[in-house]
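Here's the structure, in structure tokens; my notes come after.
The values are calculated or read from the model by the stated rules, or taken from the named source; none is laboratory data. Treat the numbers as computed from the prediction; the structure is a model and nothing was measured. Note: ideal-geometry Cβ built from the backbone for every residue, glycine included; neighbour counts use all protein chains shown.
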């Protein structure tokens with residue numbers, strides 16, 4: 001019986017070793033890419049990726065620019081709908097064995113999104129395992145940021161109606177333009193600290209913040 005167990009353990013170790021070597025030997029090459037909206041009218045942006053850092057900054061012109069990297073196994077689908085919504089979604093042709101080994105280099109896992117200030121109606125970003133960073137920006141209606149396994153960092157974010165922030169295993173920190181009287185606030189935190197009230201009624205805008213296993217430290221700037 002002991003010999004059988006020994007053989008099985010050796011066999012499993014051999015299989016695992018082959019899998020790990022297959023993953024480590026993956027010579028995936030990333031190429032820097034740039035997207036520009038050009039003459040297309042865009043009023044909303046939806047970005048849904050994973051294992052990527054997303055940085056949002058004001059555009060130097062009236063167009064939307066996206067700087068990113070992709071390979072023949074990890075790439076993105078970018079399109080503008082008839083309703084003027086620009087979507088960027090992650091796609092992959094990887095097999096499960098391709099996920100063993102090292103991640104892509106940090107500079108290949110970064111997306112820089114440039115959007116015109118005060119032009120978008122809505123902005124929605126979803127990512128995981130890295131941060132969402134927002135530079136000073138005004139969105140006319142709603143901003144929704146969702147992360148899992150990374151931080152959400154805000155710097156003087158402004159939205160005309162709603163700001164919705166959700167995170168897990170990371171912190172939500174930074175500043176939002178407006179005073180407490182400007183927002184009806186709803187927050188929930190599990191396994192973390194929260195500097196915002198759990199509930200505050202009143203205010204023409206909505207601020208919703210939820211975090212699991214992380215802190216909420218958001219300053220409202222009058």
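Pick out the one residue from 150, 192 that is modelled with pLDDT of 95 or more and farther than 30 Å from residue 70 by Cβ.
192
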Note to self: What's the total number of residues in segment 140-160 that are touching a residue at least 24 places away in the same chain (Cβ under 8 Å), outside any loop (DSSP other than H, G, I, E, B) and crowded, with 19+ Cβ neighbours inside 10 Å?
What the structure shows: 2
Next item on the list: Answer yes or no: is there a residue in segment 17-28 that is touching a helix residue (DSSP H, G or I) at 6+ places or on another chain (Cβ under 8 Å) and at pLDDT 90 or above.
Entry: no
Notebook entry, point to check: Can you find even one residue in segment 27-41 that is more than 23 Å from residue 147 (Cα to Cα) and buried (at least 19 other Cβ atoms within 10 Å of the Cβ)?
Noted result: yes
Notebook entry, point to check: Just checking, how many residues over segment 44-59 are touching a strand residue (DSSP E or B) at 6+ places or on another chain (Cβ under 7 Å) and assigned to a loop (DSSP other than H, G, I, E, B)?
Noted result: 4
Next item on the list: May I ask you to say which residue of 163, 216 is within 21 Å of the chain's Cα centre (by Cα), touching a residue at least 24 places away in the same chain (Cβ under 8 Å) and crowded, with 22+ Cβ neighbours inside 10 Å?
Entry: 163
Note to self: I need a count of the residues in segment 177-206 that are assigned to a strand (DSSP E or B) and touching a helix residue (DSSP H, G or I) at 6+ places or on another chain (Cβ under 9 Å).
What the structure shows: 2
Item checked: Selection count, segment 125-139, where residues are in a strand (DSSP E or B) and under 9 Å from the mean Cα position of the chain (by Cα) -> 4
